1. So residue A:40 ticks every box in (1) crowded, with 17+ Cβ neighbours inside 10 Å; (2) in a loop (DSSP other than H, G, I, E, B) but one. Which box is left unticked?
2. Any residue at all in the range A:4-22 that is within 30 Å of residue A:201 (Cα to Cα) and at pLDDT 95 or above?
3. Can you spot a residue in the range B:183-199 that is open to solvent by less than 60 Å² (accessible area, probe 1.4 Å) and more than 28 Å from residue C:119 (Cβ to Cβ)?
4. Restricting the first residue to the range C:57-72 and requiring it to be closer than 13 Å to residue B:39 by Cα, which pairs with a second residue that is open to solvent by 50 Å² or more (accessible area, probe 1.4 Å) and in a helix (DSSP H, G or I) meet a Cβ separation below 7 Å and a spacing of at least six or different chains?
5. Does the range C:115-123 include one or more residues that are in contact with a helix residue (DSSP H, G or I) (Cβ under 7 Å, 6 or more places away or on another chain), open to solvent by 10 Å² or more (accessible area, probe 1.4 Å), more than 8 Å from chain B (Cβ to nearest Cβ) and assigned to a helix (DSSP H, G or I)?
6. Go through the residues of the range B:185-202 one by one and say whether even a single one is under 27 Å from the mean Cα position of the chain (by Cα) and more than 7 Å from every other protein chain (Cβ to nearest Cβ).
7. Does the range A:262-286 hold any residues that are more than 25 Å from the chain's Cα centre (by Cα) and more than 7 Å from chain C (Cβ to nearest Cβ), and which are they?
8. Scanning for something within 22 Å of residue A:239 (Cα to Cα), among the β-branched types (Val, Ile, Thr) and part of a helix (DSSP H, G or I), does the range A:51-60 turn up at least one residue?
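The values are calculated or read from the model by the stated rules, or taken from the named source; none is laboratory data. What you are looking at is a predicted structure, and each value in this text was computed from that prediction instead of being measured. No Cβ is skipped: glycine too gets one built from the backbone with ideal geometry, and neighbour counts run over all protein chains shown. The accessibility values were calculated without ligands, DNA or RNA, using every heavy atom of the protein model including side chains. Shrake-Rupley method; radii C 1.70, N 1.55, O 1.52, S 1.80 Å.
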Amino acid sequence: MGIIQKVLNVDRRVIYLIVFLAVAIPIIFPLNLPVTLTEEVMGVYNEIENLPEGSPILIAVDYEPSSSPELNPMTRAILKHCFKKNLRVVTTTIWPTDGSGGSIADKLVEEEARIAGKIRGKDFVNLGFKTGSYAVVIGMGEDFKKTFPKDFNGNVLDKLEILNGTHSNGNSESSLPNAAFSQDARAKKINSLKDFSYMVCIHDDSSVFTWITYGYERYGIKIGTGCTAVMAPGNYPSLQAKQITGIIGGLKGASEYEKLMNYRGEGARGMDSQSVIHVFIIILIFLGNLTYFILERKKTVRG
Amino acid sequence: MPLQQLLGIWIAAGLTLAIYSFLYKDNPAYKFAEHIYVGITAGYALCTAWYNVIEPNLISELLKANWHNPFTALIMTWTVIAPALLGILMFSRFFSKASWVSRIPIAFVIGAGAGISVPNTVQAYLIKHTSATFAPLIPKEAIAWSNIMDFINPLIVVLGVISVLIYFFFSIEQKNGLKTVSWIGIIFLMIFFGASFGYTVMGRVSLVIGRVRFLITDWFPLITNLLGLGS
Amino acid sequence: MDFFKRQLPTLLVLVLGLGMIIQYYIPTTFSQQVLKNVNLWIQIIAAFTLCIGITSLLRTHYTKIRLQHSGWAYSIILYIVFIAMVILGFYRGIQEGTPFRWLFDYVQTPLSSTTFSLTAFFICSAAYRAFRARTMEATIMLIAAIIVMIGRIPFGDMLSAYLPSFIPGFNDMAGWIFNTPGMAARRAILLGISLGGIATSLRIILGIERSYQGKD
């Protein structure tokens, strides 16, 4: 067997080992590579940035634990943004069918709220999971509290301050420098999807289409999306049709949002490994093609 | 570090390595972890279904009614009792002679689902996306020569949508001009698949990054501490 | 009996299907109320459907244990973990700080994300062995993939600085691919799916498509 044939037939485990090292080394020795912003991510950031304080925002954590490493960084960044803007944060999940998004949302919103000094039931609430996919979205549009009589922790929703529009400025009395103060936004009661000023659907499957078809088209809620990189290309038609305002795609999108929020989190740090591994894969593809064509050429010459 | 967190990190690291051992070859450690995963996910789903749906939307509603007066209570709660009964009928699937009974709740869900989806899909996708494809062809304001791509891009989109749809249209034989348009459709699809592949790589790699980061930043310090190498 | 087995489900689908379509175009107070209730019913039935799925899984593994098929011992592990999770969930609840949540955080989450991350290794290996520029179509796909992979990482921006000024940067090229040709192809797929979905829904409502009823 010639050297080219050997290169072509290299043991797959050698490739696996290099992949592992290509990911691990930049984590041990960070490269701190710069992050550039894209219009798609700005589309979500600007919408949240322009909301008046106290506006209700819905965040659908529609992903499984399998996608947590990719999507948690952006969920955290969005939550940080919402709390910084003193928005009323409501989280929910309609996907996956085992409802694991409910626990993910609960953990993340609790942790970020603790950092921001926000109170459960007053500044934020996690509604948890409901079965029925589109039926839940329609249910939220028609009769919010009938669909979610209780939150994830079993508290009766009707009694929560956050939904009844009596939300105050939390513990930070000073308003943000350029935030548009609006008493109306805080006084707004949440009885339907229509009452939310904005929503971000963070998904690893097609739940965004359910939110668009029923949430946006039927009840007019403005939607921004955050999704796994695998799902991102599928959201561009909806972006161009103005059914969504922006796309935060994968770890790259998360790194951009972190940059906008002026911190370097798991998204930005992950981009170092991402860069190395992408270059490695391109080299692999190039090498694979090169060896293949050399062998093909040899065959033709012999033939 | 609290004991439960310490224990948690060791267990999570052990299970992570057990799954990764599959990369070498299939082995009992991988199978062990795999079955834990399936079992725990099923257990999680059952508890969530109870706490998030059955308890708040069904049991609580039933308990709210005054059952001292059963007739009134039934009238008050029939909207939750009826779907619960339909739901229970689904279990007839496990009994071959009575499995046909499950068709009734299935018919309810499928019928309502189909009826709800038709007009909404027409509105959200057929109308909206067809209009979004052609509307940019007529720009609202004059396009400067420097932004010539603002004029070309909508044309590319129209060409792409039409050619791919023609490629999907198998009802007539594709020859001559139609074959050429269909080939253009293939090119558009290849560009999309290529871009999707690039993003799929990105997505899957981020999962590895998350797990390797956990092993390096959360678990390795515990090992070094255990071996007395920690600072 | 045949009426209950065949005609009743078909009739139910027809009435509900047409009713929901009419409801969309003629919204009245009554029809809104019907929609609300139908939705609530679907949510509750769906919760039972989830339980059906779990029961089915447990039955499969029970059979495996009973007949001692290969790997039956793993099925016992599955049962033990399932029962432990359910007992902890019902005994202490599912909130933050409960043993249930501890199992979710330290067992379910790492297992789930690690299992799915395996595909990254397989993709890399497959890219090396199978991603060949054999035809023009494959070459176009390959070029698009490489532009996106370079364009969406910081390294791509650094590399773009060395390109002549009349060539757009890799990030811009990747953006153009997603927003223009990629978007067009995806939209056509979306339109195809929508048309297919509508046609199937109408076939179901009109009783032409009855595969959901299974066999007798």
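1. Failing condition for residue A:40: (2).
2. Within the range A:4-22 (the criterion being within 30 Å of residue A:201 (Cα to Cα) and at pLDDT 95 or above), the answer is no, since none of the residues qualifies.
3. Narrowing the range B:183-199 to residues open to solvent by less than 60 Å² (accessible area, probe 1.4 Å): B:184-192, B:194-199.
Narrowing the set further to residues that are more than 28 Å from residue C:119 (Cβ to Cβ) leaves B:184-185.
Within the range B:183-199, one or more residues are open to solvent by less than 60 Å² (accessible area, probe 1.4 Å) and more than 28 Å from residue C:119 (Cβ to Cβ).
4. So the pair list comes out as C:61/C:79.
5. Checked against the condition, which is being in contact with a helix residue (DSSP H, G or I) (Cβ under 7 Å, 6 or more places away or on another chain), open to solvent by 10 Å² or more (accessible area, probe 1.4 Å), more than 8 Å from chain B (Cβ to nearest Cβ) and assigned to a helix (DSSP H, G or I), the range C:115-123 yields no hits at all.
6. no
7. Answer for the range A:262-286, where residues must be more than 25 Å from the chain's Cα centre (by Cα) and more than 7 Å from chain C (Cβ to nearest Cβ): A:280, A:283, A:286.
8. First, the residues of the range A:51-60 that are within 22 Å of residue A:239 (Cα to Cα): A:51, A:57-60.
Restricting the remaining residues to those that are among the β-branched types (Val, Ile, Thr) gives A:57, A:59.
From what is left, the residues that are part of a helix (DSSP H, G or I) are none.
No; the residues of the range A:51-60 include none that is within 22 Å of residue A:239 (Cα to Cα), among the β-branched types (Val, Ile, Thr) and part of a helix (DSSP H, G or I).
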